[in-house]
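Let me begin by presenting the structure, written as C-alpha cells, before commenting on it.
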Amino acid sequence: MGIYLGINIDHIATIRQARGTNYPSPIEAALLCEKSGADSITLHLREDRRHIQDADVEILRNQLTTKMNLEIAATDEMIAIASKIKPQDCCLVPENREELTTEGGLDVASQISRMKDVCLRLNESHIIVSLFIDAQKNQIDAAKQCGASVIELHTGHYANATNEAQLVELEKIKTMTTYAHSIGLQVNAGHGLTLENTTAIAKLPEIVELNIGHSIIARAVFVGLEVTTREMKTLILEARL
C-alpha cells in the first residue's frame, strides 16, 4: 500500500496574520507544496480565524490540482461553509479558543448522535469525512458507528514523548491502526510529526496518509518550502521500502 503526504499550510497564514499583511501567501505556499510533491493540502479554518481565512479556502478550492483536506470543528457554521466550498476531504477536529494548537483527538464516543448527523450532512455534499481521534478502541468504534470512512490518528502524544514512553505510544498507534483497518476504516495520521520521528509512523503499513505542517513550515524558514516538502516526501516513501 502506498503512502501519501498532506501538508498543512496554516502557519504560512499565521505569519501573515501576525502583521495583518497580504503576505506570505498561503495560496502560493500550497501551490509550491503541490509542485514539490505534496499529495494534498490541509488547512484548518478555525472559528476565531486566527490563521486561515474564508477567502483562502475559497481561492484554494479552485486552484489546487491535488485535493483539499479542510479541517473544521463540528459546528453548524463550519458545516455550512464546507457544504458550500465542497473540499474533497473534510477532517473534523476538536477546537478550544484558548489552545495554541489542537491538543488531542475528538471525543466521538460521547457525541455519537451529533457526529452521525454531521457526517451525514457532509456526505450529502459528496465530501469524504475524516475524524481526528486518539488511538483508542472506543473512539475508533464510535467513528465507524458515525459513518465516517476515514480516521486520522492523533500522533501528538507520540511526538511529545521520549525514550520508553515514546515506544509505548508508538505501540498504541500501531495496534489501533491495525484494528481500524480491520473494520474497514482508512487510517491517516498526523500532529507533531518531524523529520526525526515520522519514519516509525510511516512504516506502519495500514497508514494511508500523513498530514504534517508545523515542522515543515518551520524548517522551510532555513532551507525553503520546496526542499522541506521534498525531504518529507522522500522520507515517508523510503520508510515503505
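The values are calculated or read from the model by the stated rules, or taken from the named source; none is laboratory data. Not measured: the values here are computed from a predicted model. Cβ: placed from backbone, ideal geometry, glycine included. Neighbour counts: every protein chain shown. We work out accessible area using only protein heavy atoms, side chains counted, and drop any ligands, DNA or RNA first. Shrake-Rupley method; radii C 1.70, N 1.55, O 1.52, S 1.80 Å.
In the stretch 189-200, which residues are part of a strand (DSSP E or B) and either of a type in the set (D, E) or farther than 17 Å from I9 by Cβ (or both)? Spell out the reasoning first.
To start, the set of residues in the stretch 189-200 that are part of a strand (DSSP E or B) comprises 189-190.
Within the stretch 189-200, just A189 meets the criteria.
So, of the residues in the stretch 175-229 that are in contact (Cβ under 8 Å) with a residue 24 or more places away in the chain and acidic (D, E), which turns out to be nearest to V129 (Cα to Cα)? My answer is E209. So, of the residues in the stretch 45-62 that are farther than 17 Å from Y23 by Cβ and part of a helix (DSSP H, G or I), which turns out to be least open to solvent (accessible area, probe 1.4 Å)? Selected residue: V57. Can you name the residue in the stretch 179-192 that is more than 14 Å from E169 (Cα to Cα) and in contact with a helix residue (DSSP H, G or I) (Cβ under 7 Å, 6 or more places away or on another chain) and, of all such residues, is surrounded by the most Cβ atoms within 10 Å (Cβ to Cβ)? Step by step, filter the stretch 179-192, then rank; the result is A180. Of the residues contained in the stretch 193-206, none is found to be polar (S, T, N, Q) and open to solvent by 70 Å² or more (accessible area, probe 1.4 Å). Does any residue in the stretch 60-75 that is closer than 16 Å to L5 by Cα come within less than 7 Å, Cβ to Cβ, of a residue that is open to solvent by 50 Å² or more (accessible area, probe 1.4 Å) and not hydrophobic (A, V, I, L, M, F, W, C) six or more places away or on a different chain, and which pairs are these? The qualifying pairs are K67/Q88; M68/R61; M68/Q88. Right, I85: farther than 20 Å from D39 by Cα, at pLDDT 95 or above and either among the hydrophobic types (A, V, I, L, M, F, W, C) or open to solvent by less than 30 Å² (accessible area, probe 1.4 Å) (or both) or not? Considered against the rule, which asks whether it is farther than 20 Å from D39 by Cα, at pLDDT 95 or above and either among the hydrophobic types (A, V, I, L, M, F, W, C) or open to solvent by less than 30 Å² (accessible area, probe 1.4 Å) (or both), I85 comes out as no.
If the condition is being open to solvent by less than 30 Å² (accessible area, probe 1.4 Å), assigned to a strand (DSSP E or B) and under 19 Å from L45 (Cβ atoms), then the stretch 102-149 contributes V129, S130, L131, F132.
Inspect the stretch 23-38 for any residue being of a type outside the set (A, V, I, L, M, F, W, C), in contact with a Phe, Trp or Tyr (Cβ under 6 Å, 6 or more places away or on another chain), touching a residue at least 60 places away in the same chain (Cβ under 8 Å) and open to solvent by 20 Å² or more (accessible area, probe 1.4 Å) and give the result as yes or no. Walk me through it before giving the result.
The first filter runs over the stretch 23-38 and keeps only residues of a type outside the set (A, V, I, L, M, F, W, C), leaving 23-26, 28, 34-37.
Subset that is in contact with a Phe, Trp or Tyr (Cβ under 6 Å, 6 or more places away or on another chain): none.
So far as the stretch 23-38 goes, no, none of its residues is of a type outside the set (A, V, I, L, M, F, W, C), in contact with a Phe, Trp or Tyr (Cβ under 6 Å, 6 or more places away or on another chain), touching a residue at least 60 places away in the same chain (Cβ under 8 Å) and open to solvent by 20 Å² or more (accessible area, probe 1.4 Å).
All of Y179, Y158 fail the test of being assigned to a helix (DSSP H, G or I), under 19 Å from the mean Cα position of the chain (by Cα), aromatic (F, W, Y) and within 27 Å of S110 (Cα to Cα), apart from Y158.
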